[in-house]
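J.: This structure is in structure tokens; I'll ask about it shortly.
The values are calculated or read from the model by the stated rules, or taken from the named source; none is laboratory data. None of these values were measured; they are calculated from a predicted model. Glycine gets a Cβ as well: all are built from the backbone with ideal geometry, and neighbour counts include every protein chain shown.
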Amino acid sequence: MIILGPLLVLKMSHKIYRAATWIGTFNTLGWLIIASAALAQPSTNPPSLQSCGALPTEALRLECANRLAGKAASATPLSGGWRLSRTSDPHSGTPQTAVTRTADLQASDAGFAGLMFRCTASRLEALLVMLDPVPPGSKPKVTIRVHGKETPFVAQVLQLGELLLLPDPAISLAATTWSTAPDISVEIDNGASTVRGVVPASGLAGALQLLRSSCGASP
């Protein structure tokens with residue numbers, strides 16, 4: 001369990017709640033971050049959320065936060081801390097399947113939440129999830145560092161800046177070099193600021209394989 005400084009948590013609290021509404025991850029990645037930060041919440045926060053944060057294990061904190069969210073989670077824990085979730089797009093109602101992994105909070109900036117892979121009708125997508133939204137319309141430069149090698153991308157900003165879609169080659173890299181690394185280092189430069197983060201890569205290969213079999217998308 002990571003205890004965050006009170007000032008940092010105050011800064012993050014409204015961003016954390018907004019990030020919990022990501023398509024396909026409301027009850028997985030978003031509420032996991034809420035539960036992880038709850039112990040450091042100041043006394044002005046709702047007692048029920050503080051009670052979640054005081055629970056002794058991450059699994060209990062997540063279950064408690066899910067109950068507060070008022071929605072039944074449809075998520076399956078996977079190896080390496082990944083989670084498979086099945087939800088619906090709140091706009092179109094289209095079923096969506098995704099695998100997500102939270103960032104290493106100790107090694108990441110507060111503005112970076114984690115990594116997501118999700119299905120579309122015909123393919124998989126790789127996305128970065130942000131707690132600090134990137135301005136819509138910008139073209140953030142993303143650098144992924146794995147095994148000491150850097151790969152640059154220009155990301156597409158989605159969902160009011162909280163999701164950054166990586167180009168198609170990222171999926172091929174995720175299934176090969178990324179999945180054999182201990183972790184994936186990320187740097188996002190939006191022209192005004194730079195956000196850095198680290199996502200543990202253990203279990204990624206299995207998560208992607210299960211995602212493909214669950215949604216029928218091609219590589």
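J.: May I ask you to verify whether Leu164 is out of contact with any helix residue (DSSP H, G or I) (no Cβ under 7 Å at 6 or more places or on another chain) and over 21 Å from Trp82 (Cβ atoms)?
T.: no
J.: Still on this model: I'm trying to understand the selection: among the residues of region 129-157, which are out of contact with any strand residue (DSSP E or B) (no Cβ under 7 Å at 6 or more places or on another chain) and surrounded by 15 or more Cβ atoms within 10 Å (Cβ to Cβ)?
T.: Result: Pro133, single match.
Yes/no matrix, rows are residues, columns are (1) surrounded by fewer than 23 Cβ atoms within 10 Å (Cβ to Cβ); (2) out of contact with any Phe, Trp or Tyr (no Cβ under 8 Å at 6 or more places or on another chain); (3) at pLDDT below 90:
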| residue | (1), (2), (3) |
| --- | --- |
| Ser88 | yes, yes, yes |
| Gln96 | yes, yes, yes |
| Arg101 | no, no, no |
| Gln106 | yes, yes, yes |
| Phe112 | no, yes, no |
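J.: Let me ask you something else. Within region 116-215, considering only strands (runs of 3 or more DSSP E) that don't extend past its boundaries, which have at least 1 residues that are without any contact (Cβ under 8 Å) to a residue 60 or more places away in the chain, closer than 24 Å to Gln96 by Cβ and within 18 Å of the chain's Cα centre (by Cα)?
T.: Of the strands (runs of 3 or more DSSP E) lying wholly inside region 116-215, those with at least 1 residues that are without any contact (Cβ under 8 Å) to a residue 60 or more places away in the chain, closer than 24 Å to Gln96 by Cβ and within 18 Å of the chain's Cα centre (by Cα) span 124-130, 141-146, 156-158, 163-165.
Table: residues versus (1) modelled with pLDDT under 95; (2) out of contact with any Gly (no Cβ under 9 Å at 6 or more places or on another chain).
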{"residue": "Ala121", "(1), (2)": "yes, yes"}
{"residue": "Leu131", "(1), (2)": "yes, no"}
{"residue": "Lys149", "(1), (2)": "no, yes"}
{"residue": "Val157", "(1), (2)": "no, no"}
{"residue": "Arg212", "(1), (2)": "yes, yes"}
